[in-house]
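The structure under discussion appears below in the form of structure tokens.
The values are calculated or read from the model by the stated rules, or taken from the named source; none is laboratory data. None of the values given here were measured: they were computed from a predicted structure. Every residue, glycine among them, receives a Cβ derived from its backbone with ideal geometry; neighbour counts consider all protein chains shown.
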């Protein structure tokens, strides 16, 4: 998750250092306002660090930014000093930029979802840890168990889609089939292959790169989740280690 940062304008900071204390009550209010925002943003970043760009994390980050936009609008801009107006505008622009960045991340998450079928399961595990929910090893194993098969199936579908996308070879004259039965059998494999790849399409090079980066992030999130419980929670390793290792072997 990107850390959200904003700093006091150089003019305001210089005045604070020169006087050794806030210049006015309004200056103190604006400075505290910005520092409170920084503290909230940093706390959210640390709290949701394990989950990556999960739906829950993006939703919580969006709420934080909208909440602070509302609080900023409640500040009377006309009563601010020129230096404090600079800080006001900087914070307003930071919030707007962060919301635009969030929209991009949400759109990309949706765009790549077809090539990342494992994300929902991993997000469910890491989000539960962030929320402080007690771990149930048997339930966690049930979420992890299908991941390796899901990854293998996707790899096979992508391979088939890649083969199907190749230009057809030029046909050469051949002897006619000896019977109608043989001709129908010859058509069957091609028909089956075409049907198998209907549910997946090939990503563009850029999409493939972003998917690889997302898989790396998901793998790191899952590793942190596993290490948080392994060796500390009774029966965790007995239930979870095998499906966890199986999912990690396939990349």
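Summary of values
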read-out: Subset of the range 219-251 [over 22 Å from residue 54 (Cβ atoms) and either under 19 Å from the mean Cα position of the chain (by Cα) or in a helix (DSSP H, G or I) (or both)]; value: 237, 238, 239, 241, 242, 245, 246, 249
read-out: Condition check for residue 191: loosely packed, with under 15 Cβ neighbours inside 10 Å, under 30 Å from residue 164 (Cα atoms) and modelled with pLDDT of 90 or more; value: no
read-out: Out of 133, 78, sole residue that is at pLDDT below 95, in a loop (DSSP other than H, G, I, E, B) and farther than 19 Å from residue 36 by Cβ; value: 133
read-out: Where residue 202 falls short, out of the listed (1) at pLDDT below 95; (2) in contact with a helix residue (DSSP H, G or I) (Cβ under 9 Å, 6 or more places away or on another chain); (3) assigned to a helix (DSSP H, G or I); value: (3)
read-out: Test for residue 91: is it within 22 Å of residue 50 (Cα to Cα), in contact (Cβ under 8 Å) with a residue 12 or more places away in the chain and either assigned by TED's automatic domain parsing to the domain that holds residue 214 or surrounded by 15 or more Cβ atoms within 10 Å (Cβ to Cβ) (or both); value: no
read-out: Residue 89 outside any helix (DSSP H, G or I) and over 19 Å from residue 123 (Cβ atoms); value: no
read-out: Residues satisfying the stated conditions in the range 113-126, i.e. part of a helix (DSSP H, G or I) and surrounded by 18 or more Cβ atoms within 10 Å (Cβ to Cβ); value: 115, 119, 121, 122, 123, 125, 126
read-out: Check on residue 98, at pLDDT 80 or above and surrounded by fewer than 18 Cβ atoms within 10 Å (Cβ to Cβ); value: no
read-out: Residue 227 vs. criteria at pLDDT 90 or above and either exposed (fewer than 13 other Cβ atoms within 10 Å of the Cβ) or outside the structural domain of residue 140 (by TED's automatic domain parsing) (or both); value: yes
read-out: Test result for residue 46, more than 29 Å from residue 204 (Cα to Cα), modelled with pLDDT under 90 and surrounded by fewer than 16 Cβ atoms within 10 Å (Cβ to Cβ); value: yes
read-out: Evaluation of residue 83 against (1) surrounded by fewer than 14 Cβ atoms within 10 Å (Cβ to Cβ); (2) in contact (Cβ under 8 Å) with a residue 60 or more places away in the chain (one fails), failing number; value: (1)
read-out: Residue among 120, 128 that is under 12 Å from the mean Cα position of the chain (by Cα), closer than 30 Å to residue 146 by Cα and without any contact (Cβ under 8 Å) to a residue 40 or more places away in the chain; value: 120
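Listed here are the residues, each with its yes/no results for (1) assigned by TED's automatic domain parsing to the domain that holds residue 43; (2) touching a helix residue (DSSP H, G or I) at 6+ places or on another chain (Cβ under 7 Å); (3) surrounded by 15 or more Cβ atoms within 10 Å (Cβ to Cβ); (4) not in a helix (DSSP H, G or I).
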| residue | (1), (2), (3), (4) |
| --- | --- |
| 128 | no, no, yes, no |
| 143 | no, yes, yes, no |
| 148 | no, yes, yes, no |
| 152 | no, no, no, no |
| 155 | no, no, no, no |
| 158 | no, no, yes, no |
